[in-house]
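The values are calculated or read from the model by the stated rules, or taken from the named source; none is laboratory data. Quick caveat, the model's predicted, so the values are computed rather than measured. Every residue, glycine as well, gets a Cβ built from its backbone with ideal geometry; the counts of neighbours run over all protein chains shown. When the accessible area is computed, the model is the full protein with side chains, heavy atoms only, and any ligands, DNA or RNA have been set aside. Shrake-Rupley method; radii C 1.70, N 1.55, O 1.52, S 1.80 Å.
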Amino acid sequence: MANYELSPLPYDYDALEPHVSEQVLTWHHDTHHQGYVNGWNAAEETLEANREEGDFSASAGAIGDVTHNGSGHILHDLFWQSMSPEGGDEPEGDLRARIEEDFGSYEAWEGEFRAAASAAGGWALLVYDSHSEQLRNVVVDKHDQGALWGSHPILSLDVWEHSYYYDYGPDRGDFVDNFFEVVDWEEPAARYADLVEKFE
Ligand SMILES: [Fe+2]
């Protein structure tokens, strides 16, 4: 029986102030993220019940719900880990070198990532594409539309309106500027190292 659970934030709700308000982080984690965890569990239960009953009339919808809610849970987990009160620096070490190799420069990566964040209807992601063995930026609508098969997110930026509207109104660019004030590369660097170890 599937039973996904919402992990606590890796810092206090007010830890990212003034860049992300305590109110937004509370709603975002406790209500929105919790909703995707609940939705994933419910969809898995539907699939399991359908298999037991041999009635698959609701299964295709539930499969779509797994993709939507599961992607929402996975990307929110990464989003919380992509920020910290100690953040705001640029990447260093092997990940920095790979960004420079695959994008030409850190500045080119950041410019492209900001463009992705501006255009997305869901998320801007820095991913490791295991097929091509390279880093890429990906523009995601909702939580899953625009995904590239074989890609593994290592840095995520949530640009759903629930992520910034209360703090910044329609000025998404202001929110993205503030994301870069708290961006934390420790988890992305660790994920990148694991992926290189696995695929290269
Ligand atoms: Fe979100």
Carbon and sulfur atoms: what percent of the 1.4 Å accessible area of the chain do they account for?
-> 47 percent
Segment 93-199, accessible area per residue, ligands and nucleic acids excluded (1.4 Å, Å²) = 47 Å²
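Exposed loop sites here are chymotrypsin sites (Phe, Trp or Tyr not before Pro) in DSSP loop states with at most 13 other C-beta atoms within 10 Å. What is the longest stretch of the chain lacking them?
Excluding the exposed sites themselves, the longest stretch runs over 57-148.
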The relative contact order of the chain, taking Cα pairs under 8 Å that sit 6 or more residues apart, comes to a percentage of 24 percent
Based on the Kirkwood radius over alpha-carbon pairs, what is the Stokes-Einstein translational diffusion coefficient of segment 93-199 at 37 °C with 0.692 mPa s viscosity, in µm²/s?
-> 231 µm²/s
Could you give the length gained on full extension between THR26 and GLU107, defined as 0.36 nm per residue of separation minus the Cα-Cα distance, in nm?
-> 25.9 nm
Going 7 Å from the Cα of GLU52 in the Cα-to-Cβ direction, what parts of segment 1-20 have a backbone nitrogen less than 12 Å from that spot?
-> 1-2
In nm, spacing of pseudo-spin labels at ASP94 and ALA119 (7 Å Cα→C-beta vector) | 3.1 nm
For labels at LYS142 and GLU181 in the simple 7 Å Cα→Cβ model, what's the distance in nm?
-> 3.4 nm
Rg/Rh over Cα atoms for the chain, Kirkwood Rh, comes to 0.99
